[in-house]
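I have placed the structure first, in the form of structure tokens, so that the comments after it can refer back to it.
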Amino acid sequence: MAEIIRVENVKKIYRMGDNEVRALDGVSLVVEEGEFLIVMGPSGSGKTTLLHLMGCLDKPTEGEIYIASTPVSKLNDPQLAKIRNKMVGFVFQQFNLLPRLTALENVELPMIYAGVPKAARRRKAKELLELVGLGDRLHHRPTQLSGGQMQRVAIARALANDPVVLLADEPTGNLDSKSGEEILKIFSGLNKRGQTIVIVTHDPEVARHGDRIVRMRDGKILSEEVNVHA
Amino acid sequence: MLDMLKEAFRSIAHNKLRTALSMIGIIIGVAAVIGVVSVAEGTSRSIRQSLTSIGSNLILVSPGFTRGGGGRTATALTEVLEKEDADRIAQLCPSVRYVTPIQQGNFIVQHERQNSMATVMAARPVLFDMINVKLFQGEFFNESDERAKRRVAVIGKEVADELFPNGDALGQTIRITSGSIRQTYMVIGVLEKSGNLLFLNPDRSIVVPFASAENRLFRRKNVSMIVAQAISENMANQAVSEIDSVLFDKFQNEEKYRIVSQDALLETVNQTMAVLSFMLGSIAGISLLVGGIGIMNIMLVTVTERTREIGVRKAIGASRRHILLQFLLESIVLTFVAGLLGIAAGFGLSKLIAKIGSVQTAVTPTVVLVAVSVSIMVGLFFGVWPAMRASKLDPVEALRYE
């Protein structure tokens, strides 16, 4: 299987006054095409930082990250923006939809930045919202949607430019267990269709859905195991 | 780009009260600039009108005055110009088409029991070819009247109305007196009402042939002024220097006479008004600056408020340029819309001033264009900093912002 993301001996060090905080302290990891990877760890373990680095939202202090074989440390802002736009799709715990836009417009937004023409954009956004089961909520604004529905819009948005990997940070953290389960079903379904997914969580319930589980603590990887559920 | 523009409009429309309040500064600024400049422009136009409505390419020669100083006061020289000077100008100055000496004085005029005050002007008949006055009735006097020293008069409408309240003045006689001086004239023409012109008020004047009046009414050798007309606008300066050399030949002293050309006056007025307009406009423009600072303030607040949105946008693929453009566009759209509203308000203000201030106002395309482009520039200038701040936000921190 092809490598989607390769993380090589990455360190992320924050300076807080005189103190050094080692959010990541020498992490190496490979995400393979088509896998459903779970990164597990308690809060402060560095898992979210790792996700941000894999999604080019942040740069490592040391080490290198390759996305589809491209080393990202040398990229400038427009190039990084392009990777975030086309190669990865983010799903956040807080959904992070733009409140003034409708569901359809929220899903269209990444395609606007990608320069997709309006008609094509509209069509694709509609398809994706139908895919996540929101075909009847196209023109609702986030405030008119439930948490589960908002997260589905966010997933549709993350898929807008056909990313090579979907990066999700505690996607069920703000949801009741029933809608959380539904969201995870969507992820599983996407993964079955070949979508590479990385989910960061502290919740063992979520971890059950992955193919492979990487456990982290204090900025380091503790263990790696293949999930035998499937 | 179109999508971004649409979004900018939407985002501005979202918080209507705040948008309206921040626009007010720009609206007032633009309206003030347009209003103030329209007054200056209108005034300038009315001055130019009164300067040019009398005729074109006129040149006025009047006696000079002695300088004050050392205990002496400045006094006008009166015993300088003579009708022969006008004749010499006519002979020696090829760029001058017409010239006439003019005697001028205030007299009491009577007809039967009516009497009034009027300015009597003795001039040669060419005067009527030089200045734009029209006849209400009757006719002008001509060369033969001048040569025969006929006592005929063309009188202003106001004078006619006062002396002949029952109507027809033509063919009637009027008596012009001042102390022991008196002479009777026959009215052959009445001038149309025209208002004040450059050096005379035709409505309150009585124009008589120069030769008829010079020895009887005025009894002096010197004339009040000499009026000449250049052949064309291009020849005006040439005509002035020709007249100057003729007069300098005679007097050998350039302080004894003054030559003022209409074109020079116009030029001066234009320059003065341009400076005035610019100054007043700039002062009004300060309010645009203040409005711009208001815009910057509101944009900074907006950026802070929308920190999380900026983080999200970056996470899904917006580059710094996208964010910069988004916020810049918002402030430009804001000031542009405010500028348009300001133009409307400026027009209104200009009309209002014209109505209650009874001055002429004129809104020129230039001032509208300048005001709008300045307001867009203000948007650009004061929008850059907030937009830069937005674009430089660290996405990870922006996403964490509550």
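Looking only at the range B:297-304, decide whether some residue is part of a helix (DSSP H, G or I), surrounded by fewer than 20 Cβ atoms within 10 Å (Cβ to Cβ) and not β-branched (Val, Ile, Thr).
Yes, the range B:297-304 has at least one match.
When only residues in the range B:284-319 that are of a type outside the set (A, V, I, L, M) and within 35 Å of the chain's Cα centre (by Cα) count, which is nearest to A:Phe92 (Cα to Cα)? Give the steps one after another, and end with the answer.
Quick first cut of the range B:284-319, residues of a type outside the set (A, V, I, L, M) only: B:285, B:287, B:291-292, B:294, B:297, B:302, B:304-309, B:311, B:313-314, B:317, B:319.
Next, only the ones that are within 35 Å of the chain's Cα centre (by Cα) stay: B:285, B:287, B:291-292.
Details: B:Gly285: 48, B:Ser287: 46, B:Gly291: 40, B:Gly292: 38 Å.
Top of the filtered list is B:Gly292.
So which residues in the range B:6-59 are under 15 Å from B:Val333 (Cα atoms) and either part of a loop (DSSP other than H, G, I, E, B) or assigned by TED's automatic domain parsing to the domain that holds B:Val240 (or both)?
Of everything in the range B:6-59, just one residue is under 15 Å from B:Val333 (Cα atoms) and either part of a loop (DSSP other than H, G, I, E, B) or assigned by TED's automatic domain parsing to the domain that holds B:Val240 (or both), namely B:Asn15.
Does B:Glu267 meet the test of being away from chain A (no Cβ under 14 Å), touching a residue at least 40 places away in the same chain (Cβ under 8 Å), closer than 30 Å to B:Met235 by Cβ and surrounded by fewer than 16 Cβ atoms within 10 Å (Cβ to Cβ)?
No; evaluated as a whole, the condition is false for this residue.
Being within 16 Å of A:Val31 (Cβ to Cβ), surrounded by 12 or more Cβ atoms within 10 Å (Cβ to Cβ) and within 20 Å of the chain's Cα centre (by Cα) narrows it down to one of A:Gly180, A:Gly173, A:Gly210, so name that one.
Among A:Gly180, A:Gly173, A:Gly210, only A:Gly210 is within 16 Å of A:Val31 (Cβ to Cβ), surrounded by 12 or more Cβ atoms within 10 Å (Cβ to Cβ) and within 20 Å of the chain's Cα centre (by Cα).
How many residues are closer than 25 Å to B:Gly195 by Cβ and touching a helix residue (DSSP H, G or I) at 6+ places or on another chain (Cβ under 6 Å) when one looks only at the range B:137-151?
Quick first cut of the range B:137-151, residues closer than 25 Å to B:Gly195 by Cβ only: B:137-141.
Narrowing further to those that are touching a helix residue (DSSP H, G or I) at 6+ places or on another chain (Cβ under 6 Å): B:140.
Residues that pass the stated criteria total 1.
Within the range B:348-363, is there a residue that is at pLDDT 90 or above, of a type in the set (A, V, I, L, M, F, W, C) and under 16 Å from B:Ile298 (Cβ atoms)?
The answer is no, given that none of the residues of the range B:348-363 is at pLDDT 90 or above, of a type in the set (A, V, I, L, M, F, W, C) and under 16 Å from B:Ile298 (Cβ atoms).
So how many residues does the range B:270-283 have that are free of Cβ contacts under 8 Å to residues at least 60 places away in the same chain and farther than 30 Å from B:Val61 by Cα?
Residues meeting the conditions: 3.
Does the range B:283-294 contain at least one residue that is within 30 Å of B:Ser375 (Cβ to Cβ) and either aromatic (Phe, Trp, Tyr) or assigned to a loop (DSSP other than H, G, I, E, B) (or both)? Walk me through how you get there before you give the answer.
Taking the range B:283-294 and keeping what is within 30 Å of B:Ser375 (Cβ to Cβ), we get B:283-294.
Applying the additional criterion that residues be either aromatic (Phe, Trp, Tyr) or assigned to a loop (DSSP other than H, G, I, E, B) (or both) yields none.
Among the residues of the range B:283-294, not one is within 30 Å of B:Ser375 (Cβ to Cβ) and either aromatic (Phe, Trp, Tyr) or assigned to a loop (DSSP other than H, G, I, E, B) (or both), which makes the answer no.
The values are calculated or read from the model by the stated rules, or taken from the named source; none is laboratory data. From a predicted model like this one, the values you see are computed outputs, not experimental measurements. Positions of Cβ are generated from backbone atoms using ideal geometry, with glycine treated the same way; all protein chains shown enter the neighbour counts.
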